[in-house]
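Sending over a structure as structure tokens; questions will come in a sec.
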Amino acid sequence: MKKIYILSILILSSLSCTDNAKASEIDNKTDFSKKNAFEYVKKQTDMGSRYYGSDAHKNVKIFLKETINSFGYNSLSHNFDAPYIKDRKGENIYAFLKGKSDKYIVISTHFDSRSIAEKDPNPFDRNDPISGANDGASSTAVVLELMRVLKQYENELPYSVAFVFFDLEDDGGLFNIDGESFTQTDWIQGSIAFANDNIIPSDQIYFGILLDMVGSFDPEFKYESYAYTKNGYIYNYVWSTAKKLGYSNEFINKQYGVIVDDHTPFLELNIPFIDIIDMNYSYHHTQADTIDKISEDSLYKVGSLVEYIIKNTDDIKNY
Ligand SMILES: [Zn+2]
């Protein structure tokens, strides 16, 4: 994911967040297991760095498919040529859960990890791949645990759900691609291909949520400004729900500025999407992004929030 500072958007956008009566019908019952989620993080980091071309990158795809199928889903693959990285082929992995509506809420993450650690304080460690415990593994673990707990509600959920694990997100900045738009980039190859190939028809997507770096001990989730400008109502809905669940310390009514991430290609196609991302993570793209930086409680807060959203979402346009 790539951070871009665009002050005009920061200044022009309002920071209002409205509460709505509908979210007051909180059912705090949750099936999300923090232990399971943490175990899914560890399973990934134990494989080693899941960067493109590594054995761990192959193994994490096998792990995802086997785990998804073990929950009773049909794991699907979207094979693609990386749009902006020559000779790289990727594989997005996804699955569907049927709800009462044919429209989908998309819940997504990237599963690859970065092949270098350019922000590491030690210059000699900057060319080695990262463990990616928070950057890649944490959000992937939360999506897996969500899939496990939501399967029992098949056909009962208000909306259908598409779970998407994007490949080739995190090797940006290495290939000298600097296009004119946010999606002419060497980041986010999997989501560019997935959105452009219309794997889930765009008119069937109600909205999407991307999770990225959701497991640190002191996360600060703020609005991604491009998504907030286009789809502020989704952020208002999700953040007001977080407040009602008692997660206001983590979900903060402020903006980060523009961040190019796997939700961006959907925004470019006018598909409503937000990014739940913690840019406050000190170990981003360093060798210290390791399993000891992962908090079960943070995984739980994000997971239970998204679980609640999927179980209870009605009409959110008025937020
Ligand atoms: Zn990253």
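Stretched out fully, how many nm does the piece from Gln204 to Gln184 gain, at 0.36 nm a residue minus the Cα gap?
4.7 nm
Another question about this same structure. In what sequence do Asp275, Asp218 fall when counting other Cβ within 10 Å, fewest first?
By the 10 Å Cβ count, ascending: Asp218, Asp275.
Figure the gain on full extension for Ser101 and Asp55 (residue separation times 0.36 nm, minus the Cα-Cα span) and round it to one decimal in nm.
The Ser101-Asp55 span can extend by a further 12.6 nm.
Kindly identify the stretch 243-319 as rounded, prolate or oblate by the Cα gyration tensor criterion: order the square roots of the eigenvalues as a ≥ b ≥ c, call it rounded if a/c is under 1.5, otherwise compare a/b with b/c, prolate if a/b is larger, else oblate.
On the way: a/c = 2.02, a/b = 1.25, b/c = 1.62.
Taking the square roots of the gyration eigenvalues as a ≥ b ≥ c, the stretch 243-319 is oblate.
Right, another one. Pull out a ≥ b ≥ c, the square roots of the eigenvalues of the alpha-carbon gyration tensor of the stretch 229-282, then state rounded if a/c is under 1.5, prolate if not and a/b is larger than b/c, and oblate in the remaining case.
Oblate is the answer for the stretch 229-282, as a/c is 1.5 or above yet b/c matches or exceeds a/b.
How much length, in nm to one decimal, is gained on full extension between Glu156 and Lys2, taken as 0.36 nm per residue of separation minus their Cα-Cα distance?
Result: 51.7 nm gained on full extension.
Let me ask something else about it. Among rounded, prolate and oblate, which fits the stretch 187-319 when a ≥ b ≥ c are the square roots of the eigenvalues of its C-alpha gyration tensor, a/c under 1.5 means rounded, and a/b larger than b/c means prolate?
Working: a/c = 1.76, a/b = 1.21, b/c = 1.45.
Here the stretch 187-319 falls in the oblate category.
Tell me which aspartates and glutamates have Cα within less than 19 Å of Lys29's Cα, excluding those fewer than 8 residues away on the same chain?
Glu145, Glu154, Glu156, Glu296, Asp297, Glu307, Asp314
With a 10 Å radius around each residue's Cβ, average the other Cβ atoms per peptide and rank 262-269, 130-137, 291-298, highest first.
130-137, 262-269, 291-298
Go ahead and estimate [θ] at 222 nm for the chain from helices alone: -39,500 (n - 2.57) per DSSP H run with n ≥ 4, summed, over the residue count, rounded to 500. Could you put the intermediate results ahead of the total?
On the way: 8 runs with 97 residues, N = 319.
Mean residue ellipticity at 222 nm (helix-derived): -9500 deg cm²/dmol.
Output needed: percent of Cα pairs per 20 Å distance bin for the stretch 2-312, bins running from 0 to the one holding the longest distance.
36, 61, 4
Moving on. Assigning unit charges at the beta carbon (Lys, Arg +1; Asp, Glu -1) and nothing else, what dipole magnitude in debye, to the nearest 20, does the stretch 2-312 show about its Cα centre? If you can, show how the numbers build up before the last one.
Values: 31 positive and 45 negative charges, 144 e Å.
Dipole magnitude for the stretch 2-312 comes out near 700 debye.
Quick check: Cα centre of the stretch 194-216 to Cα centre of the stretch 79-138, how many Å?
13
Here, each number is a calculation from the coordinates, and none is a lab measurement. Keep in mind that this is a model prediction, so the values were computed, not measured. Neighbour counts run over all protein chains shown; Cβ positions are idealised from the backbone, glycine included.
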